[in-house]
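Structure record follows, encoded as structure tokens.
The values are calculated or read from the model by the stated rules, or taken from the named source; none is laboratory data. Source: prediction; values computed, not measured. Note: ideal-geometry Cβ built from the backbone for every residue, glycine included; neighbour counts use all protein chains shown.
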2 protein chains.
Amino acid sequence: MTNSGSDRPGEFEMIARLFAPLSHSAPGAFGLTDDAATIAPPAGEELVVTADALVEGVHFLRDDPPESIAKKSLRMNLSDLAAKGAKPMAYLLALSLPDWIDIAWLETFARGLGEDQRAYEIHLIGGDTTRTPGPLTLAITAMGSIPRGTMIRRSGAQAGDLIFVSGTIGDAGGGLAILKGEGDSISDAQRAALIARYREPLPRVTLGLALRGIASASLDVSDGLLADLGHIAETSKVRIAVDVMRVPLSPALQACWRDDQVARVRAATAGDDYEIAFTAPEANRSVVLEAAAGAGVAVTEIGRAEAGHGVVLLDAGGREIAVPRKGFTHF
Amino acid sequence: MTNSGSDRPGEFEMIARLFAPLSHSAPGAFGLTDDAATIAPPAGEELVVTADALVEGVHFLRDDPPESIAKKSLRMNLSDLAAKGAKPMAYLLALSLPDWIDIAWLETFARGLGEDQRAYEIHLIGGDTTRTPGPLTLAITAMGSIPRGTMIRRSGAQAGDLIFVSGTIGDAGGGLAILKGEGDSISDAQRAALIARYREPLPRVTLGLALRGIASASLDVSDGLLADLGHIAETSKVRIAVDVMRVPLSPALQACWRDDQVARVRAATAGDDYEIAFTAPEANRSVVLEAAAGAGVAVTEIGRAEAGHGVVLLDAGGREIAVPRKGFTHF
């Protein structure tokens with residue numbers, strides 16, 4: 001772990017001491033005392049690597065609890081690994097810290113990382129800490145392992161494949177809307193549930209591992225369900241048709257946004273879900289549902305891939321619905 | 001390669017198109033069209049991974065040429081790999097972009113990356129792009145390969161080992177001082193040479209590879225020669241004594257800061273050198289010099305490790321010199 005840009009002697013030593021325990025289960029991290037770490041995938045496997053940057057005011061709010069910011073940052077990356085079928089191994093954390101961040105904040109942040117490290121079996125192996133005159137900015141690079149050549153790509157969908165999505169869609173969007181003033185009519189428990197989905201997404205790591213060899217294409221839903229299915233449609237060179245009334249909504253979101261077509265379109269374009277959207281051949285339908293049951297995650301069939309290009313949303317009568325541009329900018 | 005936080009539809013597609021060519025020699029990057037990349041070290045080797053974050057106004061200036069910012073970011077990480085004896089393989093880039101960055105800036109930035117990719121044989125395999133309301137912030141995670149268990153650590157120095165440093169020390173500090181108004185008395189060529197060392201450090205990749213199995217401890221000089229030798233002293237549990245008059249200065253820096261003890265102390269505490277500081281058993285002295293000659297890099301013996309702790313700077317008569325705290329905060 002390295003550092004730079006501080007004019008407060010000793011400060012970064014304190015930070016290093018705070019983060020060093022997060023590396024103790026990873027021998028190649030050398031207790032964060034070196035400039036670099038070593039890592040190797042298990043025999044016959046390769047590493048899957050992914051990076052995400054988060055900026056205060058863009059991806060989280062300054063008032064969000066530090067442990068939530070820690071968990072959201074890590075889980076965004078875990079979600080990418082999950083969607084690719086990779087088993088989490090290690091991560092590096094680059095922190096750009098504004099002056100308002102103090103050691104107490106960092107202690108809580110590190111505790112959040114520690115809790116998620118235990119929950120998802122991933123370890124800090126390095127990173128960098130610097131001061132910034134701007135907003136708090138985090139960049140995480142996460143690494144997982146997978147048998148060589150088996151990463152679940154975006155590009156493997158075929159015409160005829162079924163479209164599935166894990167969990168429920170739109171909850172994080174609902175949580176953000178509540179933080180911005182919506183949702184007065186719902187219960188405190190429902191509000192808390194939706195806000196929790198915004199602040200602390202649930203990466204579907206176990207499901208992702210179970211989808212190895214079963215899913216033909218996969219990604220995690222971050223930009224919005226329709227926008228992300230657009231990435232699969234584009235790279236797989238297929239058309240994806242989604243039945244709007246099959247998009248799975250949670251009871252809390254149904255209470256907040258109603259349970260109608262308008263709510264489902266809004267949910268399908270909201271983003272920040274960190275569910276897995278994937279395709280599989282129709283012959284794999286029962287295997288998919290068994291894998292989901294084994295992983296303890298609901299999976300819903302929501303549509304089908306066809307010859308053509310782009311994504312269309314169909315109403316209960318099978319008619320195409322016009323969709324607003326937000327969360328839909330990628331095709 | 002992923003992205004988020006933009007309200008300018010299509011912008012990130014343009015960025016993706018700009019960066020995709022930088023991934024074409026890395027099959028596991030999938031042309032940056034997926035959420036993640038795959039990578040594996042060669043048989044019998046492991047990966048060495050390191051991360052650095054750079055912030056506008058802290059690590060570079062907004063007016064610095066975009067290709068210099070690109071190269072400095074990449075080279076800071078290449079320098080870490082070099083000091084560990086690792087052969088560069090791939091990197092991920094997380095970019096947080098303020099509004100003043102436009103496509104023309106990014107084109108020049110990407111061209112700078114491309115030039116360095118060819119020079120140092122490293123490839124972009126992924127990353128993330130987001131908008132920020134703050135300063136331009138870059139985080140790079142770089143990966144190299146090394147035979148398993150052979151990474152040159154900070155912690156391997158023994159009492160009796162010799163201390164070496166590559167190249168010349170203080171040039172980047174001189175360049176930064178010139179950008180802040182010093183150095184009126186030197187020639188334009190000398191000014192340009194020192195500024196170039198600040199903006200575009202020269203990672204000692206070939207030398208690092210040649211030091212495998214020869215150096216006992218190693219790191220790259222970023223905080224300042226004395227501060228960084230302090231890291232070796234601390235993790236290796238030795239005392240390091242440096243002869244101030246042997247600290248190698250370039251002719252340009254000698255012209256700018258004079259060639260005396262004061263100039264050498266300033267150089268040894270300036271930082272941003274990205275040279276390799278390393279230790280080796282005395283029995284390896286001639287092997288070290290041959291390795292340096294083979295790599296085409298000057299290497300200077302500047303002191304010795306002893307029993308004890310901390311770093312001391314000795315004058316021409318062998319007396320301890322009091323050193324200002326800057327660049328010296330780590331012990």
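If you take the residues of region A:41-63 that are surrounded by fewer than 18 Cβ atoms within 10 Å (Cβ to Cβ) and not small (G, A, S), which of them is farthest from the chain's Cα centre (by Cα)?
Of everything passing the filter in region A:41-63, A:P42 is farthest from the chain's Cα centre (by Cα).
Looking at B:L54, B:L92 in this structure, which one is in contact (Cβ under 8 Å) with a residue 40 or more places away in the chain and more than 7 Å from chain A (Cβ to nearest Cβ)?
Sole residue among the options that is in contact (Cβ under 8 Å) with a residue 40 or more places away in the chain and more than 7 Å from chain A (Cβ to nearest Cβ): B:L54.
Looking at region B:143-150, can you tell me whether even one residue there is under 16 Å from the mean Cα position of the chain (by Cα), part of a helix (DSSP H, G or I) and more than 7 Å from chain A (Cβ to nearest Cβ)?
There is no residue in region B:143-150 that is under 16 Å from the mean Cα position of the chain (by Cα), part of a helix (DSSP H, G or I) and more than 7 Å from chain A (Cβ to nearest Cβ).
Spot the failing condition for A:K84; the list is (1) within 28 Å of B:V55 (Cα to Cα); (2) facing chain B (nearest Cβ under 10 Å); (3) not hydrophobic (A, V, I, L, M, F, W, C), and only one is missed.
(1)
How many residues are touching a Gly at 6+ places or on another chain (Cβ under 9 Å) and either among the aromatic types (F, W, Y) or crowded, with 24+ Cβ neighbours inside 10 Å (or both) if we restrict to region B:127-138?
Residues flagged as touching a Gly at 6+ places or on another chain (Cβ under 9 Å) and either among the aromatic types (F, W, Y) or crowded, with 24+ Cβ neighbours inside 10 Å (or both) within region B:127-138 amount to 2.
Which one is surrounded by the most Cβ atoms within 10 Å (Cβ to Cβ), of the residues in region B:190-212 that are more than 15 Å from B:L253 (Cβ to Cβ) and of a type in the set (D, E, K, R)?
It comes out as B:R204.
Before we move on, is B:L18 among the hydrophobic types (A, V, I, L, M, F, W, C), assigned to a helix (DSSP H, G or I), outside the structural domain of B:G173 (by TED's automatic domain parsing) and modelled with pLDDT of 90 or more?
yes
Can you tell me how many residues within region A:118-142 are in a loop (DSSP other than H, G, I, E, B), more than 7 Å from every other protein chain (Cβ to nearest Cβ) and either over 21 Å from A:G28 (Cα atoms) or over 18 Å from the mean Cα position of the chain (by Cα) (or both)?
So the count comes out to 1.
Check region A:168-189 and report whether any residue there is under 29 Å from A:T235 (Cβ atoms) and surrounded by fewer than 24 Cβ atoms within 10 Å (Cβ to Cβ).
Within region A:168-189, one or more residues are under 29 Å from A:T235 (Cβ atoms) and surrounded by fewer than 24 Cβ atoms within 10 Å (Cβ to Cβ).
Scanning region A:151-170 for residues that are hydrophobic (A, V, I, L, M, F, W, C) and under 23 Å from A:S222 (Cα atoms), which turns out farthest from the other protein chains (Cβ to nearest Cβ)?
Start the filter on region A:151-170 by keeping residues that are hydrophobic (A, V, I, L, M, F, W, C), which leaves A:151-152, A:157, A:159, A:162-165, A:169.
In the following step, the residues that additionally are under 23 Å from A:S222 (Cα atoms) were identified as A:151-152, A:157, A:162-165, A:169.
Values: A:M151: 5, A:I152: 9, A:A157: 13, A:L162: 21, A:I163: 17, A:F164: 17, A:V165: 16, A:I169: 18 Å.
The extreme case among them is A:L162.
I need the full set of residues from region B:268-287 which are over 17 Å from B:D220 (Cβ atoms) and not hydroxyl-bearing (S, T, Y), in order please.
B:P281, B:E282, B:A283, B:N284, B:R285, B:V287
Which residue is surrounded by the fewest Cβ atoms within 10 Å (Cβ to Cβ), if the candidates are limited to region B:21-40 and must be part of a loop (DSSP other than H, G, I, E, B) and within 10 Å of chain A (Cβ to nearest Cβ)?
B:T33
Which helices (runs of 4 or more DSSP H) does region B:194-282 wholly contain that include 3 or more residues that are modelled with pLDDT of 95 or more and within 14 Å of chain A (Cβ to nearest Cβ)?
Counting at least 3 such residues, we get B:225-236.
Just a yes or no: is a residue in region B:141-158 buried (at least 21 other Cβ atoms within 10 Å of the Cβ), touching a helix residue (DSSP H, G or I) at 6+ places or on another chain (Cβ under 8 Å) and farther than 30 Å from B:V288 by Cα?
No, because not a single residue in region B:141-158 is buried (at least 21 other Cβ atoms within 10 Å of the Cβ), touching a helix residue (DSSP H, G or I) at 6+ places or on another chain (Cβ under 8 Å) and farther than 30 Å from B:V288 by Cα.
Any idea how many residues of region B:123-181 are of a type in the set (D, E) and more than 15 Å from B:I276 (Cα to Cα)?
2
Can you find, within region B:90-105, the residue that is nearest to the chain's Cα centre (by Cα) among those that are among the aromatic types (F, W, Y) and over 18 Å from B:M143 (Cβ atoms)?
B:W105
Given the conditions (1) within 30 Å of A:A233 (Cβ to Cβ); (2) not in a helix (DSSP H, G or I); (3) not polar (S, T, N, Q), and given that B:V58 satisfies all but one, which numbered condition is not satisfied?
Against the list (1) within 30 Å of A:A233 (Cβ to Cβ); (2) not in a helix (DSSP H, G or I); (3) not polar (S, T, N, Q), B:V58 comes up short only on (1).
Can you tell me which condition A:M76 does not meet? The list is (1) surrounded by fewer than 23 Cβ atoms within 10 Å (Cβ to Cβ); (2) in contact (Cβ under 8 Å) with a residue 60 or more places away in the chain; (3) among the hydrophobic types (A, V, I, L, M, F, W, C), and all the others hold.
(1)
I'd like the residue in region A:280-309 that is among the polar types (S, T, N, Q) and over 21 Å from A:M245 (Cβ atoms) and, out of all such residues, is surrounded by the most Cβ atoms within 10 Å (Cβ to Cβ).
A:N284
Filter region A:219-269 down to the residues that are surrounded by fewer than 19 Cβ atoms within 10 Å (Cβ to Cβ) and within 19 Å of A:R199 (Cα to Cα) and list them by number.
A:P251
Conditions first: (1) modelled with pLDDT of 95 or more; (2) closer than 28 Å to A:H123 by Cα; (3) of a type in the set (S, T, Y). A:S155 passes all but one, so which condition is the exception?
(2)
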